[in-house]
Amino acid sequence: MTNPLLQNWDTPFGLPPFNDISDADFAPAFDAAMEQDLAEVQQIVDNPDAPSFANTIEGLMRTGSALDKVASVFFNISGADSNEDREALMREFSPKLSAHSSAIYSNKALFDRIKTVWDARDGLDLSDEQQRVLMLLHRNFVRAGAALEGDAGDRMTDVKNRLAVLGTSFTQNLLADERDWVMEVSEADLEGLPDFAISAMRAAGEERGLGPVVTLSRSVIVPFLQFSPKRALRERAYQAWGARGANGGETDNRGIATETLSLREERAKLLGYPDFSAYKLETEMAGTPDKVRDLLMAVWGPAKQQADTDAKILEEMLRADGIEGPLEAWDWRYYAEKRRVAEHDLDEAEVKPFFQLDRMIEASFDCASRLFGLEFAPLDVPLYHPDARAWEVTRNGEHVAIFIGDYFARGSKRSGAWCSAIRSQRKFPDVQIPIVVNVCNFAKGDPALLSYDDARTLFHEFGHALHQMLSNVTYDMISGTSVARDFVELPSQLYEHWLEVPEVLEQFATHAETGESMPKDLLDKVLGAANFDMGFQTVEYVASALVDLAFHEGAAPADVMQKQAEVLESIGMPRAISMRHATPHFAHVFSGDGYSSGYYSYMWSEVMDADAFAAFEEVGDAFDADMAAKLEKFILSAGGSQDAEALYMAFRGRMPGVEALLKGRGLAA
């Protein structure tokens, strides 16, 4: 049998032949593709001609296509639909892929060729994009340890391999804890819960052969914490949610986090940096830990002040219910929801039927059509799971991309929401049209209903998808979302603003049963309460970002939980609010290097997104054609073809201050 992962995919739009791929295909495909990749790299090394941009830099751009295909399919499936075989493959191949990458980045002869081209760059008559690719490639090799000699180079390889193993273990432990914990509830325990929450709990139970249950999926547990009047059950559920990755035994992540931080520090010091944060932030817009801390602390003060004020109000409500003792973390959402009903006359159970998943998907597509001329046509093609759906994306009849949406929570899917690419856009060495995937964890229903926050998540991930789909560069190493980590959240967070445009909600927020548009008074309440409980939301996020920064600055802590506690005490963390991601389940930081010392990135980007949407407000039209064209040209299509600050300056003419963010969150003085 021929391995379908290694064949040319003669399928509609070059989609992976999901129906033909079995888990048994991955291991031999990975082995063969890695061997082929190394052979292709060796051809560059063995080339007798003098190193040039074409035979070395573009030569590297031609390598690894087979490995890219295998890896993109595997990692997309393993994140969205894991099973025991796929988890075993992940454990086997994470260190193998790390070693493979190290073999390329530590190849002295290859690095010598790259350095020769780099040193001669001023006389090579390269385009701006080629100069950018050369700079990034040379920098990537240096930062990976290509210039290290002897034992230091060997140790770097060992460190990176071990980090790959640890990241995989962290992810799988978290998935196991989230998948395995359920709290069965009686019919009497459903008292006070809205229909949509009961429906989600029944669906989660049916998936497990049980009656209604609370799970650790955000789409199930958050509504339960918001609406259940049974305080003891709220406490039990909240404690389990907070204990993910910290339950002792094989799935405990605390030791993994400690070892990860120690190895990251060692990696940075091998390269001559004082600590991991200095290493990591060097290539980001922020540049230094001090600039990150300045931003976070500028927001922390107003956010904590608001949260402290809110806590007093919620505690009074708690006491009015006859409960002595302080407000606890499992009380906050329950009393905040009651307060929202009282102060804004806004009940989520009343609002939710207007946020049908399918209508919100249509809304995200319609905004992209009005802004960028994109059209979306559903496709009937085999995908990796029955819940996933696909659309062809076109503009003026031209094929632009394939978009795949996988929206529902299930036990085999890791938590959270994300955007990934099965194939990135490029023009060299061949023209490649992107295949982009959005993965979410919404509760199933008939129809599926979203909270307002869920709808924002959908728009957020679709903003990432637009960054991939509208990419228009030559080389895939600078394509789409291949940008600084604290810039990558700009397109996603900016796109959330279009959900708040009244005419969008007037058209697409239609009632699941009657089909009627959201009444204007309810629409006004929804938009008027957009910043409700923003003190809580900001505090739980900023606390997580400050702990992440502290973990990676200076010496790695010997006890991660003690360090977390020290940071939270030093900033005066309110007792009834927890970190959005406590260390043992902080996947952004410990499942891989992506957001390590970089969780602040969402807020750095938010400073820009508030300012960027203001550009549309200033011209009086959220769908202004000239402004949309400018946004596409300088942000969405440009990928990493220029420095992030230069791209933003080209779009907006200046860099913004933190004031726009504070105003947008309702925290301005």
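Centroid-to-centroid, using Cα positions, the range 476-526 and the range 274-323 are 25 Å apart.
Under the rule a/c < 1.5 gives rounded, and otherwise a/b versus b/c splits prolate from oblate, where does the range 397-524 land using the Cα gyration tensor? Before the final figure, lay out each step's value.
Details: a/c = 2.18, a/b = 1.79, b/c = 1.22.
Cα axes put the range 397-524 in the prolate bin.
If you sort H399, H581 by accessible surface, 1.4 Å probe, largest first, the order is H399, H581. Compared with the alpha-carbon gap, the fully stretched path from R231 to A377 is longer by 47.9 nm at 0.36 nm per residue. Counting only lysines at least 8 places from K633 when in the same chain, those with an alpha carbon closer than 27 Å to its own are K427.
Among the chymotrypsin sites (Phe, Trp or Tyr not before Pro) within the range 35-105, not one is in coil by DSSP while having at most 12 neighbouring Cβ atoms inside 10 Å. The distance separating the Cα centre of the range 107-171 from that of the range 406-459 comes to 31 Å.
Taking a point 7 Å out from the Cα of R370 in the direction of its Cβ, the residues of the range 489-520 whose backbone N falls within less than 11 Å of it are 498-508. Sorted largest first by accessible area at a 1.4 angstrom probe radius, with every protein chain in place, the residues K444, K630, K413, K525 fall in the order K444, K630, K525, K413.
With R₀ fixed at 35 Å, the C-beta to C-beta distance from T394 to D112 puts the FRET efficiency at about 0.15. For the range 112-206, what class follows from the C-alpha gyration tensor (a ≥ b ≥ c being the square roots of its eigenvalues): rounded when a/c is under 1.5, otherwise prolate if a/b is larger than b/c, else oblate? In terms of gyration-tensor shape, oblate.
Over the chain, what is the relative contact order in percent, taking alpha-carbon pairs closer than 8 angstrom and at least six residues apart? Kindly include the intermediate steps, with their values, before the conclusion.
Working: 1020 pairs, mean separation 105.0, N = 669.
Across the chain, relative contact order equals 16 percent.
Here K663 is the anchor, and the lysines within straight C-alpha reach of less than 17 Å, apart from those fewer than 8 places off in the same chain, are K304.
For the pair D430 and E191, a Förster radius of 45 Å applied to the C-beta separation gives a FRET efficiency near 0.15, rounded to the nearest 0.05. Here the range 176-225 is described by how far its Cα atoms reach on the three principal axes: 30, 21, 14 Å, from widest to narrowest.
Pairs with C-alpha atoms separated by more than 24 Å, drawn from the list K108/K160; K69/K115; K338/K520, are K69/K115. Taking each residue as 0.36 nm, the span from A615 to E207 lengthens on full extension beyond its C-alpha to C-alpha distance by 142.2 nm.
Label zone of A32 (point 7 Å out along Cα→Cβ, amide N under 16 Å): in the range 64-91 this covers 64-74. Straight-line reach from K291: taking Cα to Cα under 19 Å and skipping same-chain neighbours fewer than 8 places apart, the lysines in range are K280. Placing pseudo-labels 7 Å out from each Cα toward the beta carbon at E659 and E500 gives an inter-label distance of 1.8 nm. Once the chain from E645 to E184 is taken as fully extended at 0.36 nm per residue, the excess over their C-alpha distance is 160.9 nm. The T11 and A669 beta-carbon pair, evaluated with R₀ = 56 Å, returns a calculated FRET efficiency of approximately 0.45.
Under 17 Å from a label point 7 Å along Cα→Cβ of E516: give me every residue in the range 320-361 with its amide N that close. The answer is 347, 349-356, whose backbone nitrogens lie closer than 17 Å to the label point.
The values are calculated or read from the model by the stated rules, or taken from the named source; none is laboratory data. Keep in mind the model is a prediction, meaning the values are calculated, not measured. Virtual Cβ from ideal backbone geometry, glycine too; neighbours counted across all protein chains shown. Keep in mind that these areas ignore ligands, DNA and RNA; they rest on the heavy atoms of the full protein, side chains included. Shrake-Rupley method; radii C 1.70, N 1.55, O 1.52, S 1.80 Å.
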